[in-house]
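Input: a single structure, listed below in structure tokens.
Coordinate-derived values only; no laboratory data. The structure displayed is predicted, hence computed values, not measured ones. Here the Cβ positions follow ideal geometry from the backbone for every residue, glycine too, while neighbour counts run over all protein chains shown.
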Amino acid sequence: MSPPLRLDEGNLPDYLRKKGLWGADAELSVEPIGDGNINWVRRVRGNSGSLVVKQARPTLERFPEYEAPTERIAIEARFYAVAAPLDPEDVCPRVLAFDPEQSVLVLEDLGDTERLDAALARGADVSEPSAALARFLGRLHAECTDSGLCERFANHAMQRLHGDHIFHLPYRENDFPLRPAVAARAREIQADAALVATIDAAYARYLEPKGALLHGDVQPGNVLLTTAGPKLLDAEIAHVGDPAFDVGQLLGHLLLPAAARGEPETALPTLRATWDAYAATGADASPGVLDAAARYAGIELLRRTLGAARLPAVEGDEASLAVVDSGLALVREGLILGGA
């Protein structure tokens, strides 16, 4: 068996022609697109349109010190196939081709449209796209509960790699380059045995292979706000697990910018509408699930401030500490949504 082809700007056009995705004589141009944290990702343009190509490699694209199975791209393709019948609002992108031998996924090009994180940063009203995302997650969680999905979505390495950065590394001694005031707060949190035990318990719950099919990375950097509605990308971490995790990540990021401004209460209407949209699908929206989602949301706020994947919204000390306070409140006290 020949070794996998490592795509680059030079050989990608010929690869696409050979796969029949463009005519043999088509003139094509290639350009980077997105952050490219996990996979090698490029946009290809031709006279007849454009598309996006993703190739999974044995290490993460932006962080080559981390090994990751190339099977993650097959997991993503499989996720879109399973989710398609449950996606009447077309929240997931359309798959044009999948090449398992070369670990290549070809998707529709959604254009240079705003991401949800950018809209949140400028204080835009994101209640409608957030509700659409919640409805998609609710349908997915309500319908995709077959135990057979565990084997089809066995994605332990990616789940653990993601989980370590959320639930483990920020709460142990580390070398993350935090500013003095934030580093001091991080040390206080690391020394709080009861809090760390609560986060460890949430990690154990996250790792349990039961519940429903999850997207696994519902963060606003993975959401494009197109004219047709939100598009949820990058399902490389999809797995069977706790539905509250998907919802909690979404709620946490909807809250984060307001928390950074010292105004967390201003996000409550959007959080309430998002939760109500999720509950309306028939997914389990019991108080216990809301409690778990709030805990995951709080842990997400903490890791986005104290961990490796900090966000621009927490660049200043005041904003960082305000987000930490909101995260701790969610972990310890939960989330009160009124009529939820």
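Pulled fully out, how much extra length does the chain show between residue 280 and residue 194, if you take 0.36 nm times their separation in residues and subtract their Cα-Cα distance? Spell out each step's value before the answer.
Numbers: separation 86, 0.36 × 86 = 30.96 nm, distance 3.49 nm.
Contour length minus Cα-Cα distance gives 27.5 nm.
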message = Skipping prolines and chain starts, which residues have an amide H placed within reach, meaning under 5 Å, of the one on residue 109, given they are 5 or more residues away or on another chain?
response = 52
ask   = GNM, the chain, Cα, under 10 Å: largest mean-square fluctuation among 282, 123, 138?
value = 123
query = In whole Å, what is the distance between the alpha-carbon centres of the range 2-24 and the range 64-112?
reply = 18
task = Quick one: angle between helix 72-83 and the longest Cα principal axis of the chain, in degrees between 0 and 90, rounded to 10, please.
result = 80
Length added when fully stretched, residue 114-residue 19, from 0.36 nm per residue minus Cα-Cα = 31.1 nm
query = Angle, helix 287-306 long axis vs. longest principal axis of the chain, Cα atoms, 0 to 90°, nearest 10?
reply = 80
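Under a point-charge model restricted to the Cβ atoms of Lys and Arg (+1) and Asp and Glu (-1), what is the dipole moment magnitude of the range 167-252 relative to its Cα centre, in debye to the nearest 20?
Working: 7 positive and 11 negative charges, 38 e Å.
That gives a dipole near 180 debye.
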query = Between the range 39-59 and the range 190-214, what's the alpha-carbon centroid distance in Å?
reply = 35
remark   = Tilt, helix 127-143 to longest principal axis of the chain (alpha-carbon atoms), in degrees rounded to tens, equals 80
Centre separation in Å (Cα based) which lies between the range 121-158 and the range 244-273 = 17
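Mind checking the dipole of the range 12-108: about its Cα centre, +1 per Lys or Arg Cβ, -1 per Asp or Glu Cβ, Debye to the nearest 20? Don't skip to the end; give the middle numbers.
Working: 12 positive and 16 negative charges, 38 e Å.
Dipole about the Cα centre, nearest 20: 180 debye.
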query = Applying 1/(1 + (r/R0)^6) with R0 = 22 Å to the Cβ-Cβ distance of residue 179 and residue 308, what FRET efficiency is obtained, to the nearest 0.05?
reply = 0.90
key: Within the chain: Cβ-based charge dipole about Cα centre, in debye rounded to nearest 20 (Lys, Arg +1; Asp, Glu -1)   = 200
inquiry  = Projecting each Cα onto the charge dipole of the range 116-333 (Lys/Arg +1, Asp/Glu -1 at the beta carbon, about the Cα centre), which of 294, 252, 176 comes out farthest on the positive side?
reply    = 176
task = Using +1 at the Cβ of each Lys and Arg and -1 at the Cβ of each Asp and Glu in the range 39-108, identify which of 74, 107, 85 lies farthest towards the dipole's positive end.
result = 107
query = In µm²/s, what is D for the range 116-333 at 20 °C and 1.002 mPa s, where D = kT/(6 pi eta Rh) by Stokes-Einstein and Rh is the Kirkwood radius from Cα pairs?
reply = 124
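Given contacts defined as C-alpha pairs under 8 Å and at least six residues apart, what's the relative contact order of the chain, whole-number percent?
17
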remark   = Candidates 143, 65, 114; GNM for the chain (alpha-carbon contacts under 10 Å) flags as most fluctuating 65
note = Largest fluctuation, 95, 324, 223 only, Gaussian network model of the chain with Cα springs under 10 angstrom, belongs to 95
note = Here the range 97-103 yields Karplus 3J(HN,Hα) values (6.51, -1.76, 1.60; θ = phi - 60°; whole Hz; Gly and Pro given as x) of 6, 9, 10, x, 5, 9, 6
message = Using the Cα centre of the chain as origin and beta-carbon charges of +1 (Lys, Arg) and -1 (Asp, Glu), tell me which of 195, 137, 32 is placed farthest towards the positive end of the dipole.
response = 32
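Normalised by the number of residues in the range 202-246, what is the relative contact order in percent for Cα pairs under 8 Å and 6+ residues apart?
In percent, rounded to a whole number, it is 53.
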